[in-house]
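Peer 1: If you scroll down you'll find the structure; I have some questions about it.
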Amino acid sequence: MTQEWRSLKNPTTFLHSEFSAHRDLGLIGQLELWTITRAVFEQFGADVESTAASENLDEIDKLGQAYQKWHTAWCGVLGVENLTGSIPELYYNCALLYLYSHTHRGVSRLLQLNINARLTEIRDRFQNSAQAILRIVTDGRLRILDLPSYFGTMLAFATVSLIKVFRDGQVLEEDRHDILGLLRRLADTFRQIKLPQTKSHPYVGIAKGLEQATETLHGSVEQPAVAPGDLAFDNSILMDDIWNMDFTDFGSNWMEFNDH
């Protein structure tokens, strides 16, 4: 959808035409965001064993800046100081999560490499993006079941990522409480809504996984430390086939900017 067709090189031009309506802002915003994401894919591909991203942090920074420019520009287009709690903000943090996740590829090979401060900083951005996604989803401004289905997959990814970095001891003390709090709030959010009956729906997998850890999560915030084995969570519930979930029963609301 974001190939270099002439009509897509400057999508914002359409907004100045007589055919443009206010609701077109969301579509054009997505086109520009997806153009950056396509550049990420073309740069790093789909090989999960590749360490190319970790060995080319300049390109990661460059693409991260492109996302930041998109964010700043669309705050201006929409006439707001920030996009906090909005669908565009959720898209933005999902895009960042995808970008920075590339530095976690090829983990077994990276154990033999020196993980420098710069790589650690970028991986912190990955964690921050995952936290931001959970914060937006659980702050009550958006109706979670009305969100485009794409966000179900990204929420599953963000949830598993946070649990993994927590269990692996990669979390600073000040972040540990925030992450556990977000996971508990997400679990509570799922308890309060009627989830779809489709077993392959990402929300069902996340809710089931979080329920396994509810008791531990409930008391662990006040504990001085939580050993990796203490936080029971079956990652396979989400990760066995996370990128091949069945979205056919989710309706037509796939990647729309809806008013909520």
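Just so it is clear, none of the values below were taken in a lab; they were calculated from the coordinates. Computed from a prediction, not measured in an experiment: that's the story for all the values here. Virtual Cβ from ideal backbone geometry, glycine too; neighbours counted across all protein chains shown.
Peer 1: Based on the mean of other beta carbon atoms within 10 Å per residue, what is the order of 146-156, 30-40, 95-105, most packed first?
Peer 2: 95-105, 146-156, 30-40
Peer 1: Taking 45 Å as R0, compute the FRET efficiency from the Cβ-Cβ separation of Arg185 and Glu55 and round it to 0.05.
Peer 2: Efficiency, rounded to the nearest 0.05: 0.75.
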